[in-house]
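Since the structure comes first, as structure tokens, the remarks are kept for the end.
Computed from the coordinates by the stated procedures, all read-outs in this text should not be read as laboratory data. It should be emphasised that the depicted structure is a prediction, and the values quoted were computed from it without experimental measurement. Reconstructed Cβ throughout: ideal geometry from the backbone, glycine too, with neighbour counts over all protein chains shown.
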Amino acid sequence: MEERGVDGRILGYDPSDPQSILEYAERLEGHTLRQMTDAEKIADSRKRKGSFGNAMEEYYFDYAPNSSSEPDFAQAGVELKTTPMKHVRKNDLVAKERLVISMIDYMDVVNETFETSHFMEKARDILLVTYLWEKDTDPLDYEVIMADLWTIPEEDLPQIKRDWETVVDKVRAGHAEDISSSDTMYLEACTKAATSANRREQPFSSVPAKPRAWAFKSSYMTAIEQNLLGKKNDADALLAGGRRSADLIEIVRERFASYFGQTEEELARRFGISRSKNRCARITKRILGVDEDSKIEEFEKANIKPKTMRVRRRGMPKEDMSFPAFDYFELAETEFKDSDFYDYLQQKYLFVIYREDEKEDDVYRLSDVMLWQMPDKDLDEAERCYDQMQKNVREGHAEISVRSTENRCCHVRPHGRDRNDTRPQPYGKPVVKKCFWLSKRYLHDELVRILHSEA
């Protein structure tokens, strides 16, 4: 008996056969939904998130979008996920956003195991349809660039299991309200609510928590999709063979341990590295055992960027932490969550810490390594800094910065060679280049928090 869709039409695929579903999806490659369906418009297409995915379900696969706990193609055990990629500098393709898998039910998840969890039921077999996102383009005109059946790679399962357990352990401890995207590496519990006031009950605390969903981080999806597209760059793996189940930061610290106590000069001589602006970064690569031009697989998937930090004897970082100079026109037009600054804060940093010698001034010795990402609770404060600078620019006062006394986490100040190193702005004469900075006092508090949590 032929299967029919919601409008009575005979389906162009067998909904019980994963290969049939894939072959039908592959017909979309190189085409748009407008070309391949009779859809003429999507209601609120520029505002409603998920409109492309809903349109694909309704108009191409011919089934009604739903919130069922079962996979979308229940008979085949296959979940349909659509995900956008975008062009960035050098015309590279990267994932535009995280891939949301399913909502987290705090009341039920505490009774699950990773292997039998609702998350794994949804993520075990995914039909991944990737499209090219372009600004100001109707979703019906997004080009589908790939359709493929995907399952979590065996080598990634240990880390994803650790990520899942990290989140669930917080719920079991009665602290679902403290969950943060910064807690994990590949899989995250992202906030998922219509408004910031939405809250859900949790089983072991009376404190309501933000609704959250399981999602693969955008950096992880970039690595996965580039691999599926055949564009994967060769990268060295730190966790290989029997060490796949090890914790990444433990392995990194093991690599660094024998070098603790040495100065930058001593390390440079040891590795034969000449004086240069990026000397510390080159030393880090050599300690990790990878070539200077190589990428590190786990760092790419988790969006980890090594960052050298010099710390005074009493624990205060020597300097604030800067980001690249921003474009005044782009700042005026871009909301915080679409900004480069937000992307920098979503990045995870491997802080390679050089601490000042107890006796010799301005002599810094390699002392520790730690992973850090801005916690979710601090993003609102960072957004306040961003919005204030955006307001200054829009009002024609790009010369006015956000001072460190005005914000607990961040501030804005010049980041050019000198006062003549300027950039144009929308509403006045060119202004000296500026960037966002993380204040060293905030970084000090974060270092203390991480050290306390690891104790």
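Here are some notes:
- Each semi-axis of the equivalent ellipsoid for the range 394-455 is √(5λ) with λ an eigenvalue of the Cα gyration tensor; in descending order they amount to 32, 12, 8 Å.
- For the range 114-210, a Kirkwood radius taken over Cα pairs fed into Stokes-Einstein (25 °C, viscosity 0.890 mPa s) yields D = 152 µm²/s.
- Given R0 = 45 Å, the distance between the Cβ atoms of Ile10 and Val363 translates into a calculated FRET efficiency of 0.05.
- Most positive-pole-ward Cα, Ser453, Phe341, Gln388, against dipole of the range 322-455 from beta carbon charges: Gln388
- For Ser205 and Asp17, a Förster radius of 60 Å and the Cβ-Cβ distance give a FRET efficiency of 0.85, rounded to the nearest 0.05.
- Extension gain from Glu70 to Val448, taking 0.36 nm per residue of separation minus the Cα-Cα distance: 131.7 nm
- Taking a ≥ b ≥ c as the square roots of the eigenvalues of the Cα gyration tensor, the range 162-294 is classed as prolate, since a/c reaches at least 1.5 and a/b is larger than b/c.
- For the range 236-342, the gyration tensor built on C-alpha atoms gives an oblate shape. Its axis ratio a/c (a ≥ b ≥ c) is at least 1.5, and a/b is not larger than b/c.
- At q = 0.15, 0.16, 0.18 Å⁻¹, base-10 log of I(q)/I(0) for the range 67-142 (Debye sum, equal scatterers on each alpha carbon): -0.67, -0.73, -0.83
- 18 Å cut-off, amide nitrogen to a point 7 angstrom out along Glu265 Cα→Cβ, residues in the range 356-390: 356-367
- The dipole here belongs to the range 377-455: it is taken about the Cα centre, uses +1 on the Cβ of Lys and Arg and -1 on the Cβ of Asp and Glu, and is about 380 debye.
- Distance distribution P(r), the range 316-455, all Cα-Cα pairs, bin width 10 angstrom from 0: 11, 38, 30, 16, 5, 0 percent.
- Additional length obtainable on full extension of the chain from Glu319 to Lys305, 0.36 nm per residue less Cα span: 3.2 nm
- Each eigenvalue of the Cα gyration tensor of the range 349-431, multiplied by 5 and square-rooted, gives one semi-axis; in descending order these are 33, 19, 11 Å.
- Mean projection of the Cα convex hull over all viewing directions, computed for the chain: 25.4 nm².
- In terms of packing, defined here as the mean over residues of other Cβ atoms within 10 angstrom, the peptides 137-143, 200-206, 381-387 line up highest first as 381-387, 137-143, 200-206.
- Angle between the chain longest axis and helix 440-454 axis [Cα atoms, degrees, rounded to 10]: 70 degrees
- Rounded FRET efficiency, nearest 0.05, which uses the C-beta distance separating Glu292 from Arg255 and R0 of 22 Å: 0.90
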